[in-house]
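Have a look at this one.
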Amino acid sequence: MKATGKIGIAADIAMYAIMLVQMFYIFTGNTVHEITGIAFFVCLTVHIIIKRKHIKAMLTGKLKNAGKAQKFSAFVTCLLFVSMILLMLTSMGVSRLLFPWFKFLQSPDLHRCLAAAVFTLAAVHGGMHFYIRTVKKKRAALLITLIAAACLALSLFGPPYINRHFRIVKVDHAKAVQGEKVQWNGKKPLVVYFTRLGNTDFDDDVDAVSGASLMYADGVLTGSDQLIADMLKDMLDCETVPITLTGEKYPSSYGATVSAASKQLKNDARPEIEPIDVSDSDSIILVYPLWWGTVPPPVSTFLESTDLRGKTIYLVATQGSSGFSKSTGDIKKSASGADVKEVVSIYCEDIPTCRDTLLQHIKKIAP
Ligand SMILES: Cc1cc2nc3c(=O)[nH]c(=O)nc-3n(C[C@H](O)[C@H](O)[C@H](O)COP(=O)(O)O)c2cc1C
């Protein structure tokens, strides 16, 4: 194989690899996303230079006598090229680091749709080279269709899924938190909550590593579970207290937090927290995010290091799909002597708008 052929293949592989990395923007951060984006277009330029004769033949109509497969392949190539140009323009539009001066096509949604189109068309484009050469046409066609469907599904549903869990959410605090009150006869409950915020060392570029755990309420960084605690405070006119680590905090990267939590759970770790005085309360509303299907280790520290005998603990969980999972059972084991009751488990995307749902559930448990 000629050196140009090898360079061409290397550029193609690099482009596919970069596209995959680009999809995990939330883990790699904005700087890596923008720089690898530039690398992608450099590889594309190399690809176009190497394939210039074929492109010229395609554009000058020399494919007139070509078979249906060649014509379809040429059509996909043209579509891919147009999508890539538009993707490049939207990349500049949404860029914060390298092209902040580019004020056109600033739609992140359009950028994501074009990225999905490019990812899928690139798979079909590569597949068509294979189809044209192989004799097993039916098998090749099926394979290309399946790969294209998988690429489309991954690129359409993957990033939105990641976004749902990890994107920055902007909330009007008063709108999200204030509303109808609930009468709670007897001693007011104490709301104890755990959130990544306040328990994480964030980088300066916090936007690049944010999680569902992060939202801006009136421009102030607010934990999702903290927002729920604020809703309960407004609803019940009660006190709220965060579970706060005293030692090492969680890393700012979501992925690193997931690994750190996994390690802690495997080791049954009980990270130290600031003591919480619950002696004045008969009932506690515990607000926590599900971590690996259970409570975050600092919540276990709270449950095991606090005298909860005779108290009722009402559970409000937040999660990315798992309901209460095994957290209720684990809390019952940790909070010895307490009566533990599930209230509601809230899907993370619904947190900013969950006040009404929360209200209905709190009304049911209020004495
Ligand atoms: C370390 C870690 C593990 C998680 N594990 C789960 C899980 O097992 N199931 C689930 O549905 N969500 C899981 N999530 C998603 C969180 O429950 C969700 O992001 C939560 O609502 C965020 O609340 P916060 O902002 O107060 O931290 C996990 C999140 C983190 C950070």
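Give me the net charge for the shell around Lys181: Cβ to Cβ below 9 angstrom, other residues only, Lys and Arg +1, Asp and Glu -1.
On the way: positive: none; negative: Glu180, Asp234, Asp237.
Result for the local shell: -3.
Excluding residues fewer than 8 places away in the same chain, name every one of the lysines whose C-alpha is closer than 17 Å to that of Lys62.
Lys51, Lys53, Lys71
Additional query: Sequence-distant or interchain residues sharing an amide H contact under 5 Å with Val340, placed H: which?
For Val340, the qualifying residues are Ile313.
Within a Cβ distance under 13 Å of Lys233, other residues only, what is the Lys/Arg minus Asp/Glu net charge? Don't skip to the answer; put the middle values down first.
Numbers: positive: Lys181, Lys188, Arg355; negative: Asp225, Asp230, Asp234, Asp237, Glu239.
Result for the neighbourhood of Lys233: -2.
Run the numbers on the range 1-122 and let me know its relative contact order in percent, using alpha-carbon pairs under 8 Å that are six or more apart. Present the calculation step by step, with values, prior to reporting the outcome.
On the way: 88 pairs, mean separation 27.1, N = 122.
The value is 22 percent.
Assign one of three labels to the range 169-365, namely rounded, prolate or oblate, based on the Cα gyration tensor with a ≥ b ≥ c the square roots of its eigenvalues; rounded applies when a/c is under 1.5, prolate when it is not and a/b is larger than b/c, and oblate otherwise.
Oblate shape, in that a/c is at least 1.5 and b/c is the bigger or equal ratio.
Another one. Any chance you could run the full-extension gain for Arg139 through Thr357? It's 0.36 nm times the residue separation minus the Cα-Cα distance, nm to one decimal. Can you show the working numbers first?
Numbers: separation 218, 0.36 × 218 = 78.48 nm, distance 5.09 nm.
The Arg139-Thr357 span can extend by a further 73.4 nm.
Determine the calculated [θ] at 222 nm for the chain from helices alone, applying -39500 (n - 2.57) to every DSSP H run no shorter than 4 residues and normalising by the residue count; nearest 500 deg cm²/dmol. Provide the component values of the computation, followed by the final result.
Working: 13 runs with 196 residues, N = 367.
About -17500 deg cm²/dmol.
Mind listing which trypsin sites (Lys or Arg not before Pro) in the range 73-147 are in a DSSP loop and have 13 or fewer other Cβ atoms within 10 Å? Walk me through the numbers on the way to the answer.
Working: sites: Arg96, Lys103, Arg112, Arg133, Lys136, Lys137, Lys138, Arg139; in loops: Arg96, Lys103, Lys136.
Listed in order of number, the matching sites are Arg96, Lys103, Lys136.
Please compute the length gained on full extension between Val258 and Val82, using 0.36 nm multiplied by the number of residues separating them and subtracting their Cα-Cα distance. Don't skip to the end; give the middle numbers.
On the way: separation 176, 0.36 × 176 = 63.36 nm, distance 3.86 nm.
That pair, Val258 and Val82, stretches by 59.5 nm at full extension.
Further question on the same structure: Enumerate the amide H contacts of Ile285 below 5 Å, restricted to partners 5 or more residues apart or on another chain; note that Pro and chain-start residues carry no placed amide H.
Here the answer is Leu190, Val191, Val192, Tyr314, since their amide H atoms fall under 5 Å of that of Ile285.
Just the number, please: percent antiparallel of the DSSP beta bridges in the range 291-367, rounded to the nearest 5.
On the way: 1 of 9 bridges.
The antiparallel fraction comes to roughly 10 percent.
With both bridge residues required to lie in the chain, what share of the DSSP beta bridges run antiparallel, to the nearest 5%?
Values: 6 of 33 bridges.
Restricted to the chain, the bridges split so that about 20 percent are antiparallel.
Every number here is computed from the coordinates shown, using simple stated rules; none is lab data. Note that the structure is a prediction, hence the values are computed from the model and not measured. Positions of Cβ are generated from backbone atoms using ideal geometry, with glycine treated the same way; all protein chains shown enter the neighbour counts.
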